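Undergrad: This is the structure, below, for whatever I ask next.
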Amino acid sequence: MNDQIQQITTNEWEIPRGFVPGMRVPGRFFLSKSLAETLEDGALTQLANVATLPGILRYSLGMPDIHWGYGFPIGGVGAFDADTGIISPGGVGFDINCGVRMITTPLTVSDIPDMKELVEDLFNAVPTGVGSKSPIRLSQKDLSSMLEDGAKNAVEMGYGMECDIPRCEENGAMDGAKPEHVSKKARQRGIPQCGTLGSGNHFLEVQVVDDIVDEATAKTFGVAKGQICVMIHCGSRGLGHQVCTDHLQILESASKKYGIDLPDRQLACAPLFSPEGEAYFGAMAASANYAWANRQIITHIVRELFVKKFRIAYEEMPLVYDVAHNVAKWEEHNVDGVRRNVCVHRKGATRAFGPGRAEVPHEFRASGQPVIIPGSMGTPSYILAGTDGAMEKTFGSTCHGSGRVKSRSSAKKSQTGEEVANALLRQGIIVRAPNQAAIAEEAPDVYKSSSEVVQTVHDAGISRIVARMRPLGVIKG
Amino acid sequence: MVFEELEHTADIRMKISAADLPSLFSESGFALAKILYGAYPVETPTDVFSIHAEGKDREELIVNFLSELLFLTETEYLVPQKFTLSVVDAVCGTVEGVLFDRKKHAGGTGVKGISYSGLSLTRTKTGYELIIIFDI
């Protein structure tokens, strides 16, 4: 660990002001001793750079899956004051509302005699990878409704159930979406890609719940040992990417216009209530809503396939929860004893609201919200619950996954996709992707251990482990 | 090889060299296409699109050009085969290619955006060199 870094508790570290010039607050990050070895200097500098942004409150925060990203590090969280703060696409990322959701089923492992066939059927049913096309034809008007109403819009079109809506963060649609700030180009990219999984680290996984750590909370979440469930990880596709690209350009000029001194071009930003800042917020919220609709449509495709294949009822596959990873949102938080409305940027981080928050569905209000943490391909995923500790320390945030440690190029050099797929098969995991390279690039050892990341957030008190899921079948985008 | 992949943990970082700016932009276009589609066969183009991008400086010009190309690949399902470009204050020209075919072009991964992170476009003794990160 860099010798300027101070250890606060076992898993909590501080980057003091002065680490880079102009830091307004210190940086704080959460890493276990062994994860500390994975910390890149680039990520540390990025975390410190975020601390220089106007209006940042308390700390620039890093979760245990921290790694080098664009602008903010991945795993970065920053809350900004309403009057003096900024909004930055670098604190949200290209894939706006990349997120993850999980549905449970009434099935157990013995109900699925041929996992290979199921994986193949899912791969054929859910459009996956570069060049895939939407299963639905959206008109411009349909797209506008989707940008306004998110998951609710998808349910109204017949993709899901009413009860899915409250099981999404923000009820699957952020307030303040302004489709008029989503460019024609973004819309052109969005129309043919709605209901597609995408590529890279996006996936669809068939899992089995193999360990329950907190029986009572698991019951509240509707999760039981031995149950088959499906996890979906994807985002706002080309539409969100284009919104990021378009607004980065606008905000780059805006940073200069408002005299914001940036340590890094990627932190281009504007005051929250400037015309440029509000335009980005509106377009980002609209993209986030598109992403919720996207995950909702994919969920519907999966449910329909399970209904047909296993003769179970659609209603027997409830959504446990849907969380966003890349987003900036207005939230009320206690800041030094005062309740304030602040803009929280989460870039590769998950909201982890503790008990009692009104934003969380009624049934989860005593336990804290469900937090879904996907593992890398072949490693376990987890359900956690949000905690008071997260409210106190991290503006109600926790990790979002395991965090990359190895580049894609070195991953491809060390193992072929076929070798990785065969090794997983020996562990009883079937992997399907449009190409073998996609498998090699996402091999389990290119990520930090999901178990260790999750244990770190648990030990740091910023969420608590409820259950563990083991992968059985993986569709990689 | 005129482009090579450099180390980067999360994304794809490339070094691209060429004798002049139009070649540098074309090679960057092929670098993007290789990420998207893997190594794909050379074929006679069947489709042609015009491409145009502007920028306040060369860095912004290359980012905007590649963003424009990414847009064409996603909305027109274009797999580039040939670029004819003029690069002065703006870049304009055509990109010829074939349409995406899963059997030939499924070897790659999606690109979310073209990054300004660590971006450099410099003159060298033999021409130009670009270092660029594709966010994937």
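Undergrad: Within segment B:3-135, count lysine pairs with alpha carbon atoms under 16 angstrom apart where the residues are 8 or more positions apart or belong to different chains.
TA: On the way: B:Lys15/B:Lys34; B:Lys15/B:Lys125; B:Lys34/B:Lys82; B:Lys34/B:Lys103; B:Lys34/B:Lys104; B:Lys34/B:Lys112.
Taking segment B:3-135 as the scope, the lysine pair count is 6.
Undergrad: Something else about it: Sequence gap at least 6, Cα distance under 8 Å: using those rules, report the relative contact order of chain A to the nearest whole percent. Present the calculation step by step, with values, prior to reporting the outcome.
TA: On the way: 1212 pairs, mean separation 104.0, N = 477.
Relative contact order, chain A: 22 percent.
Undergrad: If you average the sequence gap of Cα pairs under 8 Å that are 6 or more apart and divide by the length of segment B:3-135, what percent do you get for the contact order?
TA: 33 percent.
Undergrad: Kindly state, to the nearest 0.05, the FRET efficiency for B:Lys15 paired with B:Val42, given R0 = 30 Å and r defined as their beta-carbon distance.
TA: Efficiency, rounded to the nearest 0.05: 0.85.
Undergrad: In nm, give the distance between the simple-model label positions of B:Glu54 and A:Phe273, each being 7 Å from the Cα along the Cα-to-Cβ direction.
TA: 3.3
Undergrad: Please compute the modelled spin-label separation between A:Asn334 and A:Gln6, points set 7 Å along Cα→Cβ, answer in nm with one decimal.
TA: 2.3
Undergrad: Taking the Cα centre of segment B:3-135 as origin and charging only Cβ (+1 Lys, Arg; -1 Asp, Glu), how large is the dipole, in debye to the nearest 20?
TA: I would put it at about 280 debye.
Undergrad: I would also like to ask the following. A:Lys219 to A:Glu156: FRET efficiency via 1/(1 + (r/R0)^6), r the Cβ-Cβ distance, R0 30 Å, to the nearest 0.05? Don't skip to the end; give the middle numbers.
TA: Values: r = 31 Å, r/R0 = 1.04.
So the FRET efficiency works out to roughly 0.45.
Undergrad: Can you tell me how much longer the chain between A:Lys413 and A:Glu40 gets when fully stretched, taken as 0.36 nm per residue apart minus their C-alpha distance, in nm with one decimal?
TA: Here the segment from A:Lys413 to A:Glu40 would lengthen by 132.2 nm.
Undergrad: Whose amide H sits under 5 Å from the amide H of A:Ser60, counting only residues 5 or more places off or on another chain, with H placed in the peptide plane?
TA: A:Gly27, A:Arg28
Undergrad: How many angstrom lie between the C-alpha centres of segment A:202-281 and segment B:9-65?
TA: When both Cα centres are located, 28 Å separates them.
Undergrad: Show me the trypsin sites (Lys or Arg not before Pro) within segment A:80-133 that DSSP assigns to loop and that have at most 16 other Cβ atoms within 10 Å of their Cβ.
TA: Sparse-neighbourhood loop trypsin sites (Lys or Arg not before Pro): A:Lys133.
Undergrad: Per-residue Cβ counts within 10 Å, from other chains only, averaged over B:99-109: what number is that?
TA: 5
Undergrad: At 1.4 Å probe size, what's the solvent-accessible area of A:Ser32? Round to the nearest 10 Å².
TA: Counting only protein heavy atoms, the figure is 20 Å².
Undergrad: Now a separate question. Please list 3J(HN,Hα) in residue order for segment A:36-52, calculated via the Karplus relation 6.51 cos²θ - 1.76 cosθ + 1.60 where θ = phi - 60°; whole Hz, with x for glycine and proline.
TA: 4, 5, 8, 6, 8, 4, x, 5, 4, 4, 4, 4, 5, 4, 4, 5, 8
Undergrad: Counting helices only, and only those DSSP H runs with n ≥ 4, report the 222 nm mean residue ellipticity of chain B as the sum of -39,500 (n - 2.57) divided by its residues, in deg cm²/dmol to the nearest 500.
TA: Roughly -9500 deg cm²/dmol at 222 nm, from the helical runs in chain B.
Undergrad: Which residues does the label zone of A:Met115 cover in segment A:429-470, counting backbone N under 17 Å from a point 7 Å along Cα→Cβ?
TA: From segment A:429-470, the list is A:429-433, A:444, A:468-470.
Undergrad: Relative to the present Cα-Cα distance, how much length would full extension add between A:Arg17 and A:Tyr314 at 0.36 nm per residue of separation?
TA: On the way: separation 297, 0.36 × 297 = 106.92 nm, distance 5.37 nm.
101.6 nm is the gain from fully extending A:Arg17 to A:Tyr314.
Undergrad: Just in segment A:260-303: which chymotrypsin sites (Phe, Trp or Tyr not before Pro) are loop by DSSP and have at most 12 other Cβ atoms within 10 Å?
TA: A:Phe273
Undergrad: If you don't mind, there's one more thing I want to ask. Which residues, if any, in segment A:111-150 have at least 40 Å² less accessible area in the whole protein complex than in the isolated chain, probe 1.4 Å?
TA: Correct list: A:Val130, A:Gly131.
Undergrad: What does the helix-only formula give at 222 nm for chain A: each DSSP H stretch with n ≥ 4 adding -39500 (n - 2.57), the total divided by the residues, and the result rounded to the nearest 500 deg cm²/dmol?
TA: Using -39500 (n - 2.57) per qualifying helix, the result is -10000 deg cm²/dmol.
Undergrad: Right, here's the next one. With the crude spin-label approximation of a point 7 Å out along Cα→Cβ, what separation in nm comes out for A:His362 versus B:Ile131?
TA: About 5.8 nm separates the two model spin labels.
Undergrad: Measure off, as a whole percent, the carbon and sulfur share of the 1.4 Å-probe accessible area of segment B:3-135, all protein chains present.
TA: That share works out to 52 percent.
Undergrad: Next question, about the same structure. Taking θ as phi - 60°, what are the ³J(HN,Hα) couplings along segment A:397-402 by the Karplus curve (6.51, -1.76, 1.60), each to the nearest whole Hz, with x for Gly and Pro?
TA: Whole-Hz 3J(HN,Hα) from phi for segment A:397-402: 9, 9, 5, 10, x, 9.
Undergrad: Go through segment B:65-77 residue by residue and turn each phi into a ³J(HN,Hα) via Karplus (6.51, -1.76, 1.60, θ = phi - 60°); whole Hz please, and just put x for glycine and proline.
TA: 4, 5, 5, 5, 5, 4, 4, 5, 5, 7, 9, 10, 6
Undergrad: Which value, in square angstrom to the nearest 100, describes the accessible area buried between chains B and A on both sides, using a 1.4 angstrom probe?
TA: Using a 1.4 Å probe on protein heavy atoms, the buried area is about 3300 Å².
The values are calculated or read from the model by the stated rules, or taken from the named source; none is laboratory data. Worth saying up front: this structure is predicted, and the values here are computed from it rather than measured. When we count neighbours, we look across all protein chains shown, and the Cβ atoms used for this are built from the backbone with ideal geometry, even at glycine. We work out accessible area using only protein heavy atoms, side chains counted, and drop any ligands, DNA or RNA first. Shrake-Rupley method; radii C 1.70, N 1.55, O 1.52, S 1.80 Å.
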